[in-house]
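Input: a single structure, listed below in structure tokens.
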Amino acid sequence: MPLSYRQHQILQFIQIHGRATNRDVVGGISGMSRATVARNVSTLFQHKLIRKTGKGRSVVYEPNYRNPLTRYIDTAHYFSVGPDERLGVKQHFDFDVFRYLGEILDRDDHTRLRRAGRDYQVRIPKLSPTIQRRERERHTIEFSWKSSQIEGNTYSLLDTETLLKESQEAPGHTREEAIMILNQKKALDYIYKKPEVFQRPTLHQIRSIHEVATKDLGIKSGFRQRPVGITGTRYHPLDNEHQIHDAMEKLVRTLKSIADPFSRALASILMISYIQPFEDGNKRTARLLGNAILASENYCMLSYRNVFVSQYKEATMLFYEQNSALLFKELFVEQFLFACDNYFRA
């Protein structure tokens, strides 16, 4: 539900503090009377964004979510202010998120994803080899274009098609832009060779995807050994190479423990982006790894074709700063349904 600015403030206050009374909110947010707080708290309670315990003046409000990674944040209000004005920003990596990665998708999400996935799996064998080859090429072009665009690449979709099909670079663009797109295709080809090996990806496989995706771009292979900053946020990824390695090992163990392939793919995309284990190319590697996991279970890979770049960045930023995966979960589900509906059809 869209929130008013006051409701957004109150909800964030309660989420940050874990629990609060009306008096706490009045004292913690300037410019709000007790009556205003009571009215807006009532609305938040009605919409099940908070829960309450106690009675009368002893009522205490708490955030209402099953999984802390799926707590609601009104993004319109959250991103209406600059990074230094946002409330409750988590500035450092939180290992606690690993506990909840397998439970981000709810029952409705699973139903929709499995239904679309089964339909895709049933129709693939009915397609001729020619159609399968054509559709794979189309998906590869569109993924390579969009994944690169998210990283700031200015190639158009038609330019990308010409590059990948005719090896012709677009005028007015840098050589690095062409290499980035070509590498995305090479990485998908690498995944297509033996998709089944990515059911439970290893550190070596993750590093291999990164190496293919970043080859000839001046990006050092292997886990980074120095700090990196992220534009537009106060979140700082891990800056200790031993902690980075520990986080990646924990991610591999966590992915092995998640039975559901959709949850596994979503967790891998979120966490490679969050850990930032490489010097550069982390989000590209994350999208490719998520697709590799889907392909390993014979599901359609995402192309992200109709994602707004700003939407993708906000969803990622919200996970960095608030550890809320709700927006990215919605993006992931929408893009899988879109992929199943738009690719590999006669």
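No other residue among E176, E196 is surrounded by fewer than 13 Cβ atoms within 10 Å (Cβ to Cβ), touching a residue at least 40 places away in the same chain (Cβ under 8 Å) and either touching a helix residue (DSSP H, G or I) at 6+ places or on another chain (Cβ under 8 Å) or part of a loop (DSSP other than H, G, I, E, B) (or both) apart from E196. With the structure loaded, tell me whether I131 is among the hydrophobic types (A, V, I, L, M, F, W, C), assigned by TED's automatic domain parsing to the domain that holds N183 and in contact with a Lys or Arg (Cβ under 6 Å, 6 or more places away or on another chain) or whether it fails that test. In short, no.
Across region 259-299, the qualifying residues are those that are farther than 22 Å from H92 by Cα and among the hydroxyl-bearing types (S, T, Y), and the one among them that is surrounded by the most Cβ atoms within 10 Å (Cβ to Cβ) is Y299.
Of the residues making up region 125-140, just one is closer than 25 Å to E334 by Cβ and either assigned to a loop (DSSP other than H, G, I, E, B) or at pLDDT below 95 (or both), namely L127. Against the definition (out of contact with any strand residue (DSSP E or B) (no Cβ under 8 Å at 6 or more places or on another chain) and crowded, with 16+ Cβ neighbours inside 10 Å), how does I141 come out, yes or no? When the stated conditions are applied, I141 passes them. The set of residues in region 218-258 being surrounded by 13 or more Cβ atoms within 10 Å (Cβ to Cβ), closer than 27 Å to E177 by Cα and among the β-branched types (V, I, T) consists of I219, V228, I230, T233. In this structure, is V89 at pLDDT 90 or above, β-branched (V, I, T), outside the structural domain of A325 (by TED's automatic domain parsing) and over 28 Å from the mean Cα position of the chain (by Cα)? Criteria not met by V89.
Can you name the residue in region 216-254 that is under 23 Å from M317 (Cβ atoms) and not in a loop (DSSP other than H, G, I, E, B) and, of all such residues, is nearest to the chain's Cα centre (by Cα)? Of everything passing the filter in region 216-254, L251 is nearest to the chain's Cα centre (by Cα).
Candidates are the residues of region 44-93 that are outside any loop (DSSP other than H, G, I, E, B) and of a type in the set (A, V, I, L, M, F, W, C); the one that is nearest to F319 (Cα to Cα) is L69. Restricting the first member to region 316-339 and to residues that are at positive phi, and the second to residues that are in a loop (DSSP other than H, G, I, E, B), the beta-carbon pairs closer than 9 Å and six or more apart or on different chains are N323/R71; N323/K90; N323/D94.
Of everything in region 2-43, what is part of a loop (DSSP other than H, G, I, E, B) and in contact with a Gly (Cβ under 8 Å, 6 or more places away or on another chain)? Give them in sequence order.
Pass one, region 2-43, residues part of a loop (DSSP other than H, G, I, E, B): 2-4, 18-19, 21, 29-33.
The answer is none; no residue qualifies.
The values are calculated or read from the model by the stated rules, or taken from the named source; none is laboratory data. Just so it is clear, the structure is predicted and the values come from calculations on it, not from any experiment. A quick note on method: Cβ atoms are made from the backbone with ideal geometry, for glycine too, and the neighbour counts reach across all protein chains shown.
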